[in-house]
Amino acid sequence: MKAASSQVGFDELIHAPVRLRICASLAPLQWAEFAQLRDALEVADSVLSKHLKQLSEAGYVEVERFSKGGRSYVRVALSRNGRKAYVGHVASLRAMTDETT
């Protein structure tokens with residue numbers, strides 16, 4: 001998948017509804033566990049995995065696997081570039097809506 005433009009603003013990769021919700025969910029957090037994110041978004045594991053892979057390939061999220069108490073976990077965070085792209089995308093959407101009002 002082609003990485004999104006380095007220019008801050010409207011971002012087609014982030015704009016897809018599930019990816020936008022992922023970014024919005026991660027924005028106020030340092031990390032979120034995969035299962036918590038999946039449950040909050042009410043999507044299947046495969047749907048979340050697909051969208052996280054696209055965001056990860058663009059450098060927008062960091063995915064970390066770890067073990068705790070003999071169980072495997074996955075946690076996800078917005079990267080610095082992902083946070084910048086998300087904030088720019090939201091600002092672009094706000095600017096668009098301000099133009100129409």
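The values are calculated or read from the model by the stated rules, or taken from the named source; none is laboratory data. Quick caveat, the model's predicted, so the values are computed rather than measured. When we count neighbours, we look across all protein chains shown, and the Cβ atoms used for this are built from the backbone with ideal geometry, even at glycine. With ligands, DNA and RNA removed, areas are computed over all heavy atoms of the protein, side chains included. Shrake-Rupley method; radii C 1.70, N 1.55, O 1.52, S 1.80 Å.
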Failed criterion for ALA85 (all others in (1) at pLDDT 95 or above; (2) more than 19 Å from GLN36 (Cβ to Cβ); (3) more than 11 Å from the chain's Cα centre (by Cα) hold): (3)
Where VAL74 falls short, out of the listed (1) modelled with pLDDT of 95 or more; (2) open to solvent by less than 50 Å² (accessible area, probe 1.4 Å); (3) under 25 Å from PHE10 (Cα atoms): (3)
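Can LEU52 be described as surrounded by 11 or more Cβ atoms within 10 Å (Cβ to Cβ), free of Cβ contacts under 8 Å to residues at least 24 places away in the same chain and hydrophobic (A, V, I, L, M, F, W, C)?
Values: surrounded by 11 or more Cβ atoms within 10 Å (Cβ to Cβ): yes; free of Cβ contacts under 8 Å to residues at least 24 places away in the same chain: no; hydrophobic (A, V, I, L, M, F, W, C): yes.
Spelling it out, it is not the case that LEU52 is surrounded by 11 or more Cβ atoms within 10 Å (Cβ to Cβ), free of Cβ contacts under 8 Å to residues at least 24 places away in the same chain and hydrophobic (A, V, I, L, M, F, W, C).
ASP45: at pLDDT 95 or above and more than 12 Å from the chain's Cα centre (by Cα), yes or no? Break it down into steps so the answer makes sense when it comes.
Details: at pLDDT 95 or above: yes; more than 12 Å from the chain's Cα centre (by Cα): yes.
Judged against the criteria, ASP45 is a match.
Out of curiosity, is LYS68 among the charged types (D, E, K, R), surrounded by 13 or more Cβ atoms within 10 Å (Cβ to Cβ), without any contact (Cβ under 8 Å) to a residue 12 or more places away in the chain and farther than 21 Å from GLY9 by Cβ? Lay out the reasoning, then the answer.
Details: among the charged types (D, E, K, R): yes; surrounded by 13 or more Cβ atoms within 10 Å (Cβ to Cβ): no; without any contact (Cβ under 8 Å) to a residue 12 or more places away in the chain: yes; farther than 21 Å from GLY9 by Cβ: yes.
Here the answer is no, as LYS68 does not meet what is asked.
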Odd one out for HIS89, checked against (1) open to solvent by 40 Å² or more (accessible area, probe 1.4 Å); (2) in contact (Cβ under 8 Å) with a residue 60 or more places away in the chain: (1)
